[in-house]
Amino acid sequence: MKKLPMKLNPNLRLALAGVALTAGAATLSAASIGTRITIEVAEPGHAVSPLLHGLFFEDINYAADGGLYAELVQNRSFEHAESLYAWSLVNRGGEGGLDVPTAGAINAKNPHYLRLDIAKPGKGFGIANSGFGGIAVKQGENYLISVRARGKLAEGGQLRAVLEDETGRPIGESVLWGVLGGEKLAKLEDYKKQNNLVSISPNGVISDWKKLEGIIKSSATATHARLVVLATAAGRVDLDVVSLFPEHTFKDRRNGLRADLAQLLADMKPSFLRFPGGCIVEGMDLANRYQWKDSIGDIAERPQNRNRWQDAIRGQTAPQYYQTYGLGFFEYFQLCEDLGCEPMPILNCGMACQFQSKQLVPLDQLEPFVQDALDLVEFANGDVTTTWGAKRAAMGHPAPFNLKMLGIGNEQWGEQYFERYPIFYKALKAKYPDIRLITGAGPGVDGPELDRFKLAWDKFKSGTPADVVDEHYYRPPQWFLENATRYDAQNRYGPKIFAGEFAAHDRGKRNTLRAAISEAAFMTGLVRNSDAVAMSSYAPLFAKAGAVQWAPDLIWFDNTHAYGSPSYYVQALFTKNRPDVALPTVVESADSVPASGAPAAPSPAADEKAKPAPAPKPLPALYAVAGRDSTAGDLIITVVNPFAEVREADVALRGVARVTPDVRAIVLTSASADDENTFDAPRKVAPRETTFKIAGTTFTHAFPANSLTILRLKVRD
Ligand code: AHR
């Protein structure tokens with residue numbers, strides 16, 4: 001088999017010099033200078049990957065249903081195992097019954113529906129949905145209600161959709177179906193106007209499933225409203241796919257996304273969006289895996305699936321957590337387009353979670369899985385005359401989505417993966433030679449995962465083809481500080497690296513400033529080595545307060561509010577201040593790092609308590625990387641001080657005659673490394689911008705304790 005030739009980072013000489021000196025080997029002449037950051041402005045290095053900073057989305061912690069997907073009704077199709085979960089009977093003095101039959105279902109993918117048998121309506125007989133822990137509505141906003149219905153109602157009867165606040169007070173309604181006779185029928189147009197939107201059925205019968213739609217304007221703001229659907233006459237009403245959306249979603253798309261959450265993503269200006277995971281790709285078993293074809297077309301045709309995070313690996317289990325696939329692959333591609341970023345789907349490779357069922361598709365039965373991958377490329381990019389391109393066009397997007405990359409498997413490992421993955425690689429490259437494939441390297445890179453990781457790299461080094469290798473690390477902050485040089489010695493002739501899932505796990509898995517700053521320190525190494533590291537993404541992206549299977553997370557939300565964690569701001573700052581050309585940058589220090597200055601090591605997680613603590617590695621006095629933003633004409637200097645005291649450094653810009661005196665400094669820090677953002681103080685840890693003046697090409701700057709600082713200035717070559 002062909003072996004990989006070697007090429008290392010051309011800047012490595014300088015970078016390693018910095019590390020050696022910071023370990024205490026050097027003496028600097030100026031006594032006042034503890035630390036010097038030297039930037040070779042006239043020696044442009046490698047181009048920084050334009051895809052270096054992206055996002056990872058997985059439906060974990062209620063990220064999709066109950067989160068980014070703006071649907072307000074939970075269990076809208078009665079497909080939960082507990083089929084009336086989130087629903088309750090509403091009986092205002094009537095008599096009747098309620099059932100969840102399957103015979104005569106709307107389609108085979110959506111086999112359950114609700115049947116109301118109304119003997120006497122009283123003042124109304126029906127059901128109410130409490131949403132995902134309450135339905136949040138705003139005064140003056142419109143909400144789009146739709147139901148699939150059929151049945152028979154007596155003359156004069158109506159099917160009404162009513163929003164009620166927490167006290168039961170109606171705050172908006174729409175009549176979905178009215179049964180008219182006699183005089184009223186003659187005044188049909190007046191009746192329609194008076195009743196907002198209405199589907200008229202003169203004889204009181206809707207014989208086959210029909211979509212009824214209306215608009216409810218909310219007259220009040222409420223955080224725990226509920227949606228009541230009730231009949232006001234005797235009869236029988238079958239209901240399915242009961243849906244309520246805010247009219248205003250991100251970019252005002254139908255079947256759309258929560259505007260505030262999507263805006264937080266847009267504000268980061270990500271370069272790509274990985275989707276749909278994560279372990280959810282694999283499923284607890286093969287039946288539970290994410291199948292992209294289930295996630296397109298009419299929402300009534302998308303089967304519901306148990307969310308893999310019902311059985312959290314760690315943290316809170318969530319037995320009522322399901323995937324409606326309402327935020328499916330079409331909505332995902334559209335979101336990428338709206339965010340101006342590249343899509344990066346990850347697909348199942350014929351393997352279920354290797355920590356759980358370990359189910360495998362036999363090699364001779366892998367063809368449908370490979371076909372799914374090929375079909376996804378056609379769905380994204382195919383001409384409208386192709387089978388899957390036509391489906392995309394039918395959903396409203398005839399133009400291609402320009403998919404350029406695809407992941408084969410998530411955190412798969414071992415020989416079983418390397419028997420399956422090449423089959424996908426061969427088929428995809430044969431049909432779509434330009435598509436960039438992402439290959440798994442297992443769930444971790446060291447510790448107990450080391451053997452799996454090494455096996456993957458042995459494969460790549462000995463002939464298994466790979467464009468981009470996906471590496472994952474969820475490790476303590478200290479690990480990130482010690483691993484900022486991780487890719488300095490990466491072979492530049494080998495596959496590119498995708499740091500596809502990472503997050504610093506601090507004490508109590510909290511989203512502290514300490515964790516965020518250690519990620520920032522690590523990310524200076526990603527930028528410095530971005531001729532080898534093509535992409536990176538923090539994980540997971542979202543967490544709904546009170547419904548968390550995995551922490552820490554980038555963005556926290558409830559039904560009405562959302563905020564970014566300190567790590568969110570680190571990701572956003574790196575993304576928005578990504579240079580396009582790296583410049584050789586060396587940090588030198590006369591002092592080695594005093595033990596008291598190092599960030600407090602987190603106490604080991606319960607599952608790691610038995611292991612002896614490894615000896616800490618020497619750390620640099622500061623972490624720094626620099627580069628140029630050719631579009632803005634700026635020099636960007638990124639400096640991370642993860643220590644508990646202010647650190648001053650001389651910044652020397654070599655090979656440049658003059659600089660403009662004005663420097664923009666964007667700083668992320670806070671009073672304590674333990675600080676976090678919360679719903680009450682969502683921007684306690686957030687970037688602040690200042691400016692200062694410099695007099696020449698060497699200047700001294702103080703970098704606050706526990707900080708990430710971005711300096712932007714203009715040089716005159
Ligand atoms: O990000 C949470 C989980 O971590 C992902 O689903 C999985 O890929 C990894 O183990």
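The values are calculated or read from the model by the stated rules, or taken from the named source; none is laboratory data. None of these values were measured; they are calculated from a predicted model. A quick note on method: Cβ atoms are made from the backbone with ideal geometry, for glycine too, and the neighbour counts reach across all protein chains shown. Ligands, DNA and RNA are excluded from the accessible area calculation, which covers all protein heavy atoms including side chains. Shrake-Rupley method; radii C 1.70, N 1.55, O 1.52, S 1.80 Å.
Being of a type in the set (Val, Ile, Thr) and touching a Phe, Trp or Tyr at 6+ places or on another chain (Cβ under 8 Å) is the filter here, so list the residues in segment 371-410 that pass it. Break it down stepwise before answering.
Within segment 371-410, the subset of a type in the set (Val, Ile, Thr) is 377, 384-387, 408.
Once the filter is applied, which keeps residues that are of a type in the set (Val, Ile, Thr) and touching a Phe, Trp or Tyr at 6+ places or on another chain (Cβ under 8 Å), segment 371-410 yields 377, 408.
Filtering segment 32-87 down to residues that are of a type in the set (D, E, K, R) and within 16 Å of the ligand (Cβ to nearest atom), which residue is surrounded by the most Cβ atoms within 10 Å (Cβ to Cβ)?
For segment 32-87, the residue satisfying everything is 59.
Here's a check for you: in segment 284-315, which residue that is in a helix (DSSP H, G or I), hydrophobic (A, V, I, L, M, F, W, C) and touching a residue at least 24 places away in the same chain (Cβ under 8 Å) is nearest to residue 107 (Cα to Cα)?
Result: 300.
Would you please list the contacts, defined by Cβ atoms under 6 Å and residues six or more apart or on different chains, that run from a residue in segment 554-565 that is over 22 Å from residue 505 (Cβ atoms) and at pLDDT 95 or above to a residue that is assigned to a loop (DSSP other than H, G, I, E, B) and open to solvent by 10 Å² or more (accessible area, probe 1.4 Å)?
558/545; 561/679
So is residue 637 touching a residue at least 40 places away in the same chain (Cβ under 8 Å) and in contact with an Asp or Glu (Cβ under 6 Å, 6 or more places away or on another chain) or not?
Taking the combined requirement at face value, the residue does not satisfy it.
Among the strands (runs of 3 or more DSSP E) contained in segment 381-484, which hold 1 or more residues that are small (Gly, Ala, Ser)?
Answer list for segment 381-484: 405-408, 436-440.
Has segment 253-264 got at least one residue that is out of contact with any strand residue (DSSP E or B) (no Cβ under 9 Å at 6 or more places or on another chain), within 16 Å of the ligand (Cβ to nearest atom), part of a loop (DSSP other than H, G, I, E, B) and open to solvent by 20 Å² or more (accessible area, probe 1.4 Å)?
no
Can you tell me which of (1) surrounded by 24 or more Cβ atoms within 10 Å (Cβ to Cβ); (2) more than 27 Å from residue 302 (Cα to Cα) is the one residue 234 doesn't meet?
That leaves (1) as the condition not met.
Let me spell it out: the conditions are (1) open to solvent by 20 Å² or more (accessible area, probe 1.4 Å); (2) in contact (Cβ under 8 Å) with a residue 40 or more places away in the chain, and residue 122 meets all of them except one. Which number is the exception?
The one condition residue 122 does not meet is (2).
Can you find a residue in segment 295-308 that is within 16 Å of the ligand (Cβ to nearest atom), open to solvent by 10 Å² or more (accessible area, probe 1.4 Å), among the polar types (S, T, N, Q) and at pLDDT below 95?
Within segment 295-308, none of the residues are within 16 Å of the ligand (Cβ to nearest atom), open to solvent by 10 Å² or more (accessible area, probe 1.4 Å), among the polar types (S, T, N, Q) and at pLDDT below 95.
Among the numbered criteria (1) over 25 Å from residue 391 (Cα atoms); (2) assigned to a loop (DSSP other than H, G, I, E, B), which one does residue 325 miss?
So residue 325 meets the others, but not (1).
State whether one or more residues within segment 451-458 are closer than 21 Å to residue 569 by Cβ and either touching a residue at least 60 places away in the same chain (Cβ under 8 Å) or within 16 Å of the ligand (Cβ to nearest atom) (or both).
First pass over segment 451-458, keeping only residues closer than 21 Å to residue 569 by Cβ: none.
No: zero hits.
Criterion first (under 37 Å from the mean Cα position of the chain (by Cα) and open to solvent by less than 20 Å² (accessible area, probe 1.4 Å)) does residue 145 satisfy it?
yes
Residues of segment 148-158 being open to solvent by 10 Å² or more (accessible area, probe 1.4 Å) and in a loop (DSSP other than H, G, I, E, B), which ones?
Those that are open to solvent by 10 Å² or more (accessible area, probe 1.4 Å) and in a loop (DSSP other than H, G, I, E, B): 154, 155, 156.
Rundown of residues vs (1) touching a Leu at 6+ places or on another chain (Cβ under 8 Å); (2) at positive phi, yes/no style:
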residue	(1), (2)
453	no, no
463	no, yes
466	yes, no
471	no, no
487	yes, no
493	yes, no
496	no, no
500	no, no
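Read through the list (1) in contact with a strand residue (DSSP E or B) (Cβ under 6 Å, 6 or more places away or on another chain); (2) open to solvent by 10 Å² or more (accessible area, probe 1.4 Å); (3) of a type outside the set (Phe, Trp, Tyr), then give the number of the only condition that residue 323 fails.
Condition not satisfied by residue 323: (2).
Take residue 169 and tell me if it is touching a Leu at 6+ places or on another chain (Cβ under 7 Å), of a type in the set (D, E, K, R) and at pLDDT 95 or above.
No.
Which of the residues that make up segment 383-423 are within 16 Å of the ligand (Cβ to nearest atom) and open to solvent by 30 Å² or more (accessible area, probe 1.4 Å)?
413
If we scan segment 338-353, do we find a residue that is touching a strand residue (DSSP E or B) at 6+ places or on another chain (Cβ under 7 Å), open to solvent by 10 Å² or more (accessible area, probe 1.4 Å), at negative phi and among the acidic types (Asp, Glu)?
yes
Within segment 519-540, is there a residue that is aliphatic (A, V, I, L, M), in contact with a Gly (Cβ under 9 Å, 6 or more places away or on another chain), assigned to a helix (DSSP H, G or I) and more than 30 Å from residue 312 (Cα to Cα)?
Taking every residue of segment 519-540 in turn, at least one turns out to be aliphatic (A, V, I, L, M), in contact with a Gly (Cβ under 9 Å, 6 or more places away or on another chain), assigned to a helix (DSSP H, G or I) and more than 30 Å from residue 312 (Cα to Cα).
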